[in-house]
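A.B. asks: The structure under discussion is supplied below as structure tokens; questions concerning it will follow.
The values are calculated or read from the model by the stated rules, or taken from the named source; none is laboratory data. None of these values were measured; they are calculated from a predicted model. Methodologically, a virtual Cβ is constructed for each residue, glycine included, from the backbone with ideal geometry; neighbour enumeration extends over all protein chains shown. Areas reflect the complete protein model, heavy atoms only, side chains present, ligands, DNA and RNA absent. Shrake-Rupley method; radii C 1.70, N 1.55, O 1.52, S 1.80 Å.
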Amino acid sequence: MQKAEEQYQTLYKLQPEPVTTPEIKGYDFNQGVDFDALLKSYANFGLQATQLSTAIDLINKMIHWRMGPNEDNEDPNTRCTIFLGYTSNMVSSGNRDIIRYLAQHKMIDAIVTTAGAIEEDLMKCLSTFHKGDWQANDKEIRLKAICRIGNIYVPAANYGKLEDWLLPVFQEMYKEQKEKGTIWSPQSMIKRFGEKINDERSIYYWCAKNNIPVYCPALTDGAIGDMMFYFNYKEEGFICDILQDVVALNKKAMYAKKSGLIILGGGVVKHHIMNANIWRNGADWAVFINTGIQYDGSDAGAKPSEGITWGKLRIDAEYVKVFSEATLVFPLIVAQTFAKNFQEAKRV
């Protein structure tokens with residue numbers, strides 16, 4: 001009887017070669033419950049578990065990288081510039097507290113996000129969000145003045161509280177524009193919001209305190225934009241200049257010795273960060289977490305390697321996409337990277 005290897009050669013004209021990559025293997029719970037060992041086992045788990053392990057490895061490379069002592073006579077303490085991007089639903093969810101932790105300890109260098117992620121952080125300082133139901137009767141909860149974000153309920157009254165808080169801040173900023181010639185940008189507005197909210201639960205309180213710029217090119221796309229619209233009826237001519245922020249973000253990318261991207265979701269937050277990195281011929285490391293697929297040509301769905309064709313990622317960049325909803329995996333990633341390497345990750 002022919003051996004299997006001989007059959008492959010005879011029937012299929014194949015030349016079998018030994019596979020030398022690691023064996024696929026899961027975690028053995030007979031060893032007890034060891035979460036660190038469990039997450040380490042993801043490296044050879046297969047499927048998205050292995051993608052998650054790669055994401056952890058790449059972020060740890062961003063954290064550990066330092067300029068060599070003999071490179072261009074630069075300061076050997078020079079670090080990788082880490083850009084964090086996320087969509088508003090991340091702040092609607094418990095990931096808000098994970099992001100706040102990163103800002104609190106100055107573990108990231110710049111944020112790009114959306115209007116909802118700004119206003120919902122502020123609202124959570126003024127009121128509360130609640131666990132809801134994916135299958136809610138939306139007509140009924142509308143009549144109860146409840147807004148729904150998936151399985152998260154937001155009392156409509158929260159927006160009234162935000163308006164009561166925000167309009168006096170706009171009035172103060174408008175007065176500075178008139179009297180001092182201050183021209184606000186989304187980034188400088190968000191910094192003022194963080195200073196004014198003065199609440200340690202807030203992401204943007206810590207960003208203001210630690211001088212972490214927050215860029216929001218679509219700041220008007222939400223309740224903040226609605227309130228600007230309303231404010232404009234009372235005080236015409238309030239200016240928000242987005243060009244200031246484009247210049248600042250692009251320069252931050254240009255001057256980065258190494259650039260690392262962590263992006264939760266897609267759309268403007270993903271593209272705005274990646275587009276800035278064109279000015280340095282692409283980022284060095286990138287971790288993308290979203291559920292988009294490439295076949296509709298969407299930004300979220302695009303394969304990471306597509307960014308190479310635009311110069312958004314370097315040809316030799318290391319990158320990974322984790323196909324997952326980010327509340328499932330981002331806390332695990334932070335646990336195995338920034339939190340685990342706390343002393344090295346925080347910026348003094």
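A.B. asks: Looking at segment 282-306, which of the residues that are among the charged types (D, E, K, R), over 26 Å from Leu39 (Cβ atoms) and in contact (Cβ under 8 Å) with a residue 12 or more places away in the chain is surrounded by the most Cβ atoms within 10 Å (Cβ to Cβ)? Before you say what the answer is, go through the steps one by one.
C.D. replies: If we filter segment 282-306 for residues that are among the charged types (D, E, K, R), which is where we start, we get 284, 296, 299, 303, 306.
Then drop every residue that is not over 26 Å from Leu39 (Cβ atoms), which leaves 296, 299, 306.
Still in the list and also in contact (Cβ under 8 Å) with a residue 12 or more places away in the chain: 299, 306.
Working: Asp299: 16, Glu306: 14.
Looking at the filtered set, the residue picked out is Asp299.
A.B. asks: Further, regarding this structure: Got at least one residue in segment 270-290 being touching a helix residue (DSSP H, G or I) at 6+ places or on another chain (Cβ under 6 Å), assigned to a loop (DSSP other than H, G, I, E, B) and not polar (S, T, N, Q)?
C.D. replies: no
Okay, residues lined up against (1) in a helix (DSSP H, G or I); (2) under 15 Å from the mean Cα position of the chain (by Cα); (3) modelled with pLDDT of 95 or more:
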site: Met62; (1), (2), (3): yes, yes, yes
site: Pro69; (1), (2), (3): no, no, no
site: Asn73; (1), (2), (3): no, no, no
site: Leu84; (1), (2), (3): no, yes, yes
site: Arg96; (1), (2), (3): yes, yes, yes
site: Ile99; (1), (2), (3): yes, yes, yes
site: Leu102; (1), (2), (3): yes, yes, yes
site: Met107; (1), (2), (3): no, yes, yes
site: Ala117; (1), (2), (3): yes, yes, yes
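A.B. asks: Return the total of residues in segment 256-267 being surrounded by fewer than 24 Cβ atoms within 10 Å (Cβ to Cβ) and in contact with a Cys (Cβ under 9 Å, 6 or more places away or on another chain). Talk me through it step by step, then tell me what you get.
C.D. replies: To start, the set of residues in segment 256-267 that are surrounded by fewer than 24 Cβ atoms within 10 Å (Cβ to Cβ) comprises 256-258, 266-267.
Still in the list and also in contact with a Cys (Cβ under 9 Å, 6 or more places away or on another chain): 256-258.
Total meeting the criteria: 3.
A.B. asks: Could I ask something else about it? hydroxyl-bearing (Ser, Thr, Tyr), touching an Asp or Glu at 6+ places or on another chain (Cβ under 9 Å) and open to solvent by 70 Å² or more (accessible area, probe 1.4 Å), is that true of Thr309?
C.D. replies: No.
A.B. asks: Moving on to the next point. On the given criteria, is Ala253 under 26 Å from Leu39 (Cα atoms) and either open to solvent by 10 Å² or more (accessible area, probe 1.4 Å) or modelled with pLDDT of 95 or more (or both)?
C.D. replies: no
A.B. asks: In addition: Given the residues Gly181, Gly132, Gly150, which is the only one that is touching a Phe, Trp or Tyr at 6+ places or on another chain (Cβ under 7 Å), on the phi > 0 side of the Ramachandran plot and not aromatic (Phe, Trp, Tyr)?
C.D. replies: After ruling out the rest, the residue left standing is Gly150.
A.B. asks: Would you point out the residue of segment 190-231, among those that are free of Cβ contacts under 8 Å to residues at least 40 places away in the same chain and in contact with a strand residue (DSSP E or B) (Cβ under 9 Å, 6 or more places away or on another chain), that is surrounded by the fewest Cβ atoms within 10 Å (Cβ to Cβ)?
C.D. replies: The selected residue is Arg192.
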